[in-house]
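Comments concern the structure below.
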Amino acid sequence: MQKIYVVKIGGEIVDLPDRLDEFLVKFARITEPKILVHGGGRQVSDLAKRLDIPVKISDGRRITDKETLRLVAMIYAGLINKTVVAKLQGLNCSAVGLSGADGQLIIAEKRSGSEIDYGYAGDIRSINAKFLKLLIENDQVPVLCSLTADTAGQLLNTNADTIATETAIAMKEHFKPVLHFLTDQPGFMENIEDETSVIHTIDRLTYEREKAEGSVAGGMLPKMDNAFRAVEKGVEAVYISDFSKFPDFASGTRLV
């Protein structure tokens, strides 16, 4: 069975044109099947502040009210997604930009049962892996933004790390997925202030101990939780590493 690379990038890359360009050149060179998933970084927060819309984040996850959802749709599925797609076309990498609403690609439902009301945040219920496979077989690279929809047609903001994870899991039916979360950090570090403290291989037990000791916070929490879900669901390999080292997988942290 052929490998497929599912690569997730966030604000530390999409917010900075030079970094984005550097990464996309490397991504475009990958000859194997591939899927790119991107978040929105600070662009939604910046626009919200300019429009006097409150920005609320809890444990690295955005709380999405109606006004914020409108911004999310414009920035994630619009400006960022189409910028990435256009840049890939310029690198002779034919790409298709998609939200979860397109082709019923990602069916989600509004989050409920949480102590925190995340507003129009979506939890994934299914991924249309056959649709992605069809695109890939026709030499297209899917570029997925972190916007989904429910069965009633309601748009929802869904964590990009979660989308990357569930996409990798879903593609197991057709490929051997390699999931790669890219950040501006060298990997998972025991001490966030010390780049030499990278743990190059980490299991769930070690991660839970580090989390209990307060070594994990902010956006790394959902990233690590999603990464371990992928491992436990049988994804071929899962990495977290510095975007500048991509695609040198061994330079970062592998989750086992």
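If the Cβ limit is 6 Å and pairs must be 6+ apart or interchain, which residue in the range 111-139 that is among the polar types (S, T, N, Q) pairs with which residue that is in a loop (DSSP other than H, G, I, E, B)?
Note: pairs meeting the criteria are Asn128/Leu105.
Identify the residue in the range 30-63 that is over 27 Å from Lys87 (Cβ atoms) and not hydrophobic (A, V, I, L, M, F, W, C) and, among all such residues, is farthest from the chain's Cα centre (by Cα).
Of everything passing the filter in the range 30-63, Asp52 is farthest from the chain's Cα centre (by Cα).
May I ask you to verify whether Tyr120 is hydroxyl-bearing (Ser, Thr, Tyr) and over 15 Å from Val37 (Cβ atoms)?
yes
Among the residues in the range 52-59, are any aliphatic (A, V, I, L, M) and either out of contact with any helix residue (DSSP H, G or I) (no Cβ under 9 Å at 6 or more places or on another chain) or modelled with pLDDT of 90 or more (or both)?
no
From the list Asp203, Asp184, Asp194, which one is under 29 Å from Val256 (Cβ atoms), among the charged types (D, E, K, R), free of Cβ contacts under 8 Å to residues at least 12 places away in the same chain and surrounded by fewer than 19 Cβ atoms within 10 Å (Cβ to Cβ)?
Asp194
Just the residues that are touching a Lys or Arg at 6+ places or on another chain (Cβ under 7 Å) and under 20 Å from Ala73 (Cα atoms), please, taken from the range 111-153.
Listed by number, the residues that qualify are Tyr118, Tyr120, Ala121, Gly122, Asp123, Asp150.
So that you can scan it fast, the table gives a plain yes or no per residue for (1) within 13 Å of the chain's Cα centre (by Cα); (2) closer than 25 Å to Asp242 by Cα; (3) of a type in the set (S, T, N, Q):
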position: Ser112; (1), (2), (3): no, no, yes
position: Ser126; (1), (2), (3): no, no, yes
position: Val143; (1), (2), (3): yes, yes, no
position: Ser146; (1), (2), (3): yes, yes, yes
position: Met171; (1), (2), (3): no, yes, no
position: Asp194; (1), (2), (3): no, yes, no
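Yes or no: Glu12 surrounded by 15 or more Cβ atoms within 10 Å (Cβ to Cβ), farther than 23 Å from Ile169 by Cα and not small (Gly, Ala, Ser)?
Yes: the conditions hold for Glu12.
Scan the helices (runs of 4 or more DSSP H) fully inside the range 1-79 and keep the ones with 1 or more residues being within 16 Å of Leu182 (Cβ to Cβ) and not hydroxyl-bearing (Ser, Thr, Tyr).
11-14, 17-29
So how many residues does the range 207-235 have that are more than 22 Å from Thr196 (Cβ to Cβ) and either among the β-branched types (Val, Ile, Thr) or surrounded by 17 or more Cβ atoms within 10 Å (Cβ to Cβ) (or both)? Break it down into steps so the answer makes sense when it comes.
Just the residues of the range 207-235 that are more than 22 Å from Thr196 (Cβ to Cβ), to begin with: 208, 212, 221-222, 225-226, 228-235.
If we keep only those that are either among the β-branched types (Val, Ile, Thr) or surrounded by 17 or more Cβ atoms within 10 Å (Cβ to Cβ) (or both) too, we end up with 222, 225-226, 228-231, 235.
Of the residues in the range 207-235, 8 are more than 22 Å from Thr196 (Cβ to Cβ) and either among the β-branched types (Val, Ile, Thr) or surrounded by 17 or more Cβ atoms within 10 Å (Cβ to Cβ) (or both).
Scan the range 51-70 for residues that are at positive phi and either in contact (Cβ under 8 Å) with a residue 24 or more places away in the chain or surrounded by 14 or more Cβ atoms within 10 Å (Cβ to Cβ) (or both) and jot them down.
Once the filter is applied, which keeps residues that are at positive phi and either in contact (Cβ under 8 Å) with a residue 24 or more places away in the chain or surrounded by 14 or more Cβ atoms within 10 Å (Cβ to Cβ) (or both), the range 51-70 yields Asp59, Gly60.
Would you point out which residue out of Val55, Val85, Val25, Val37 is closer than 29 Å to Pro247 by Cβ and touching a Lys or Arg at 6+ places or on another chain (Cβ under 7 Å)?
The match here is Val37.
Could you tell me whether Ile35 is in contact (Cβ under 8 Å) with a residue 60 or more places away in the chain, of a type outside the set (Ser, Thr, Tyr) and farther than 25 Å from Arg111 by Cβ?
Answer is no for this residue.
Return yes or no: is Ile107 buried (at least 17 other Cβ atoms within 10 Å of the Cβ), more than 25 Å from Leu88 (Cβ to Cβ) and touching a strand residue (DSSP E or B) at 6+ places or on another chain (Cβ under 9 Å)? I'd like the intermediate steps shown before the answer.
Details: buried (at least 17 other Cβ atoms within 10 Å of the Cβ): yes; more than 25 Å from Leu88 (Cβ to Cβ): yes; touching a strand residue (DSSP E or B) at 6+ places or on another chain (Cβ under 9 Å): yes.
In short, yes.
The values are calculated or read from the model by the stated rules, or taken from the named source; none is laboratory data. Not measured: the values here are computed from a predicted model. Using ideal geometry, Cβ is built from the backbone for each residue, glycine included, and neighbour counts are taken over all protein chains shown.
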